[in-house]
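The values are calculated or read from the model by the stated rules, or taken from the named source; none is laboratory data. Since we're looking at a predicted model, the values are computed, not measured. Here Cβ is always computed from backbone atoms with ideal geometry, including for glycine, and neighbour counts include all displayed protein chains.
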Amino acid sequence: MFSGLETGRRVMSHGASTTKRSGGKVCKTHSTCTRVVGKLVDEAERCPSISRIRLGYISAGIGSAHGLCRAKILPEPGALLLKIRDHTFHQEVWIYVLNQRDAKEWLVRCLTKLGLKICCSDDATS
């Protein structure tokens, strides 16, 4: 991974389980993300097929996932919607893409590297 100084981004720790991202490909509407999503954003910014990343709100206080982290990848026109489920958090991430197939392959590699169970749109039920 690369540091914020190399990319003109700011990365700040914000509490025990969240961080903030700003600059680079990250949209400014909402910048707080869970640690898992933060690692994913760091990796996704390196993909040439990804143009923008928009972080959704964090749903906290949901039941425990018993240590299981998982991701759903859902295709949308011009974008991929990722639904990331961390231990007790849920966050949606919109990934705007130039080439959906290449971006999806890149994201699957990143999510696998992070140890998340992946469910793609062909076998996903929202």
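Here is how the numbers come out for the structure above:
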quantity: Unique match (being exposed (fewer than 14 other Cβ atoms within 10 Å of the Cβ) and modelled with pLDDT of 85 or more) among Glu6, Glu92, Glu105, Glu43; calculated: Glu105
quantity: Unmet criterion (only one of (1) part of a loop (DSSP other than H, G, I, E, B); (2) under 15 Å from the mean Cα position of the chain (by Cα); (3) modelled with pLDDT under 85) for Ala65; calculated: (2)
quantity: Filtered residues of segment 101-118 (kept if part of a helix (DSSP H, G or I), touching a residue at least 40 places away in the same chain (Cβ under 8 Å) and either basic (Lys, Arg) or over 18 Å from Gly38 (Cβ atoms) (or both)); calculated: Asp102, Ala103, Lys113
quantity: Hits in segment 76-87 (condition: within 12 Å of Cys119 (Cα to Cα) and over 10 Å from the mean Cα position of the chain (by Cα)); calculated: Arg85
